[in-house]
Amino acid sequence: MLYLCMSFPQLSLDARQPPADEPVAVTDRRGARRWLIGCNSACFSAGVRPGMDATTALALLPSVRLIERSRPREGDALKSLAAWAEQFSSWTCYDAERHLVWLEVYSGLRYFGGVEVVRSRVEHGLAQLGYEACCGVAPTLEAAAVLARIHDAPTIEGSTDLVEALAPLPMAALALQEDVSDAFAGLGLRTIGQVLALPRDSMARRFDPDLVDYLDRLTGRRRDPRKPFRAPAKYRRTFELLGNVETTEGLLFPLRRILGELQGYLIGRDTAVQELHLELVHDGAEPTRLQVRSSRPLRDGLRLFALVRERLERTTLPQPVEAITVTVDVFVPLGDTQLELIEGGQRKDRDWEDLLDTLRARMGDIAVRKLGLQDQHLPEQAWCTVEGKERQPDGTLPDRPLWLLEPRQVTLLPQRMGMPERIESGWWDGEDQQRDYFTAESRDGAKLWLYRDGATGGWFLHGLWA
Amino acid sequence: MLKNSPTLPVARAAVLDQILRSQTRVWRGYGTAAVPSVATGLVALDRLLPGCGWPVGALTEILPVCEGIGELRLLIPALQRIACDQARPVVLIRPPYIPYAPAWARAGLPLHRLVWLQPSTDAEAQWAAEQILRAGIAGAVLLWSTTTADMALRRMQLSAEEGHALCFVFRGPRALRNASPAAVRLALHPATDALRIDVVKARGGHGGSVLCPLRCAA
C-alpha cells in the first residue's frame, strides 16, 4: 500500500474563502481566551499571525475581521475534498479533527505514471480549488500524515525502510497529545527515531496505551482501522458565504471552487451531468432557485462554471445571498464527447452546441430554438421547435411563406392573386377548420398570405412572402 | 504630382499598376475589391458588390421599405450555400415573425442548421450576435435590430470581421437617413414581380440599382 496524505494547515480559513484584499483571521476560543488560528496574507503583512491573542491582533490591526471558527464548515470542506480526491483513487478518507485527507495511490501508479505525477496533479488541483495544502507519501496512513506536516518531505515508497526513513524526522511532526510531546521534549527526544527507540512495554505503562497503538500504525506493525470514505450518491454542496453577498459576481468565487470539486467527484465516479440546481439562500426571502442545463453531458468544471456564470448574469437577486447550495440529482454517462480523440468536424459541432448552451444560460432556454416539422394540415401546426437534431423532410413540401404570423383579422381586403388553396382539418376530432388561402399584395407592395375562414367568412393575415 | 507629369514613362506606369494590384486594400474605382464573398445568386447584383457577392466578414445592412417584399428570398441562395455546401449553421436573431419551418426547408435550408434566437431585448440580441460571430462557427447571422446606435453596428462590424461569416442586419427604411459603418447597404423596394435593390453603399464595390426577379408566389 502507498498513501498520499494532504494536510491543510489553513483549513479553518481556506474553508471560508475570505477575500484576499481585506485582512481576515479565524479565531478559536477556550473559556474567555480567544486566539487566532488562521490568517490571510493581508494579516501577515501587518504582522498579525496565528497564535496571537484576539485583542493583540485588534490592537495591531484594527481593521482585521475576526471570524469564529466553524467546525461543521471545516468538516464540509474536508468531505468535499475527499469526494474530489476520488478522481485519483477509489480509496479516500479524511480526519476532521486533524484536517487531513488521505488517498491510496499504489493501485493507480501505473495509470498515472508514477507517484510524483499523482502528487503534482493533486497539488495543482488543490491550488486551483484555492486550498493551501502540503502532501506526504508513505506506505502507512500515519507516516504519510507525518510527511505532510513537514515542508518538502521526501517520498517514502518502500515499507521495508520506513522506520529508517522516519528516524531523522523531527518528533514535532508526530500527532501526539500535548502532554506527551511535552514529556518527550523533557526527556530530550528530538527525532522520531528516538521516540521509536523507547521500549514499548514501559511506554504503554508510562503514557497512554493509545500512544503505542499510534506508533504501531505509524510504522506499519498494526493495520490502520480507518474505513474508506464513500461520497454520497447524490451531489449536494452547501457553502455559507462570509457575510452577505449582494451582487452575483460575489458568488462566482465560491462557485468556481464548488464546480471544481464537482469535477473531481464526477471523474471519480466516471459520470457526468447535464443539469444542476443552484439554490441561493436569502435572509427573509424565499431562496432563489436556478437551473443550469447543457445539451451534452459535461464534467469539465470550467465549462460548468461558464454556464453558471451566464445563468447568474441574467438573475437579479431579491435579497443579499447568505449561502449557496449546488445539487445534482441525475447523472449521465459522459459518452465519448469529451475525449480528445474526436475529429475536427465533430469538435466544431461540439463547440457549436456549447455556444448554444452559453446562450441558453444567458437568455433562457426558450430564447434558443431549433425548428422542426410536424405532419399536420393546419399551417400553424405544421412546424414546431425541437431539441437536438430533426429528421429531414421526407415528402415534397407545399409552397409556403418564410414568415408565419399569428392570424390577425383584416378588414381592408387587398388585391388577391392566383387560385386559392383549401386547407381543411379537424373535422374528425371536432375542431373543424376550413380555410381558403390566397396570396395578395398590399398597397405597400408586400406579398401577403391570407385566408378566409370557412365558418365565419372572416379574412385573416397568416404569413408574409418575405 | 502624378497629374503634373503627363510624360510618365509607360514602364513606370506598369510598375505602379503592378504595385496597386498587389494591394488588395486599395480600391481603384473599377472592378470590385478582392474580398472573400458568397455569390448572391444574382449576377447583376454580384457585379456591384465587393468581391462579387455578399462580403464575408463584413456587415451587410438590408433596409426593406416594408416587410414581405422578398427581403428573405434575396438571401436564400447564399444561405443555402452556407448551410449545405459549407455545412455551417445559419442563425436568425430576433426575427419579427415566426420563421416558418416548412418554407425554409422547402427553400433548401436543412432545418438542423437553422437556429432561431429570440432574446427579449435588443441589447441581448446584439450580445448574442457578437458571441456567435466571434466563435467563428456559424456561417451566417441575420439580425433584426431596432437600434439606432452607431456604436452597436460598429461592434457588429468588428465581430463580423473576426468570425468570417456573413452578417446581415435588417433595419427599417428610416435608418437610411443616417450613415452606417456597414460595408454594404441595400435599400429594397417592391416592383412588379421583382425586387428593386438600390446599392446605397458598397465599400469596394459600386453604387447602382438592380431588379431582382422574384418567383411569383403561389
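Hey, which of the strands (runs of 3 or more DSSP E) in the stretch A:221-319, taking only ones fully inside, have at least 2 residues that are without any contact (Cβ under 8 Å) to a residue 40 or more places away in the chain?
The qualifying strands (runs of 3 or more DSSP E) are A:285-298.
Which of the helices (runs of 4 or more DSSP H) found entirely inside the stretch A:1-104 contain at least 2 residues meeting this: of a type in the set (Gly, Ala, Ser)?
A:41-44, A:54-60, A:71-84
State all residues of the stretch A:318-360 that are among the aliphatic types (A, V, I, L, M), modelled with pLDDT of 90 or more and surrounded by 15 or more Cβ atoms within 10 Å (Cβ to Cβ); if no residue qualifies, say none.
A:VAL321, A:ALA323, A:ILE324, A:VAL326, A:VAL328, A:LEU355, A:LEU356, A:LEU359
Would you say A:ASP399 is in a loop (DSSP other than H, G, I, E, B) and within 8 Å of chain B (Cβ to nearest Cβ)?
It is true that A:ASP399 is in a loop (DSSP other than H, G, I, E, B) and within 8 Å of chain B (Cβ to nearest Cβ).
Looking only at the stretch A:291-313, count every residue that is surrounded by fewer than 16 Cβ atoms within 10 Å (Cβ to Cβ) and under 16 Å from A:THR247 (Cβ atoms) and tell me the total.
Residues meeting the conditions: 1.
Hey, among the residues in the stretch B:173-201 that are part of a loop (DSSP other than H, G, I, E, B) and crowded, with 16+ Cβ neighbours inside 10 Å, which one's nearest to the other protein chains (Cβ to nearest Cβ)?
That would be B:ALA182.
Any idea which residue in the stretch A:30-75 is nearest to the chain's Cα centre (by Cα), counting only those that are within 30 Å of A:CYS93 (Cβ to Cβ) and among the aliphatic types (A, V, I, L, M)?
The selected residue is A:ILE67.
Could you check A:THR327 against (1) within 22 Å of A:ASP76 (Cβ to Cβ); (2) free of Cβ contacts under 8 Å to residues at least 60 places away in the same chain and say which number it fails?
(2)
For the list (1) over 17 Å from B:PRO95 (Cα atoms); (2) surrounded by fewer than 20 Cβ atoms within 10 Å (Cβ to Cβ); (3) more than 7 Å from chain B (Cβ to nearest Cβ); (4) within 31 Å of the chain's Cα centre (by Cα), I need the number of the one condition that A:HIS377 fails.
Of the numbered conditions (1) over 17 Å from B:PRO95 (Cα atoms); (2) surrounded by fewer than 20 Cβ atoms within 10 Å (Cβ to Cβ); (3) more than 7 Å from chain B (Cβ to nearest Cβ); (4) within 31 Å of the chain's Cα centre (by Cα), the odd one out for A:HIS377 is (4).
The values are calculated or read from the model by the stated rules, or taken from the named source; none is laboratory data. Fair warning: this is a prediction, and the values are worked out from it, not measured in the lab. Neighbour counts are summed over all protein chains in view; Cβ atoms, including those assigned to glycine, are modelled from backbone coordinates with ideal geometry.
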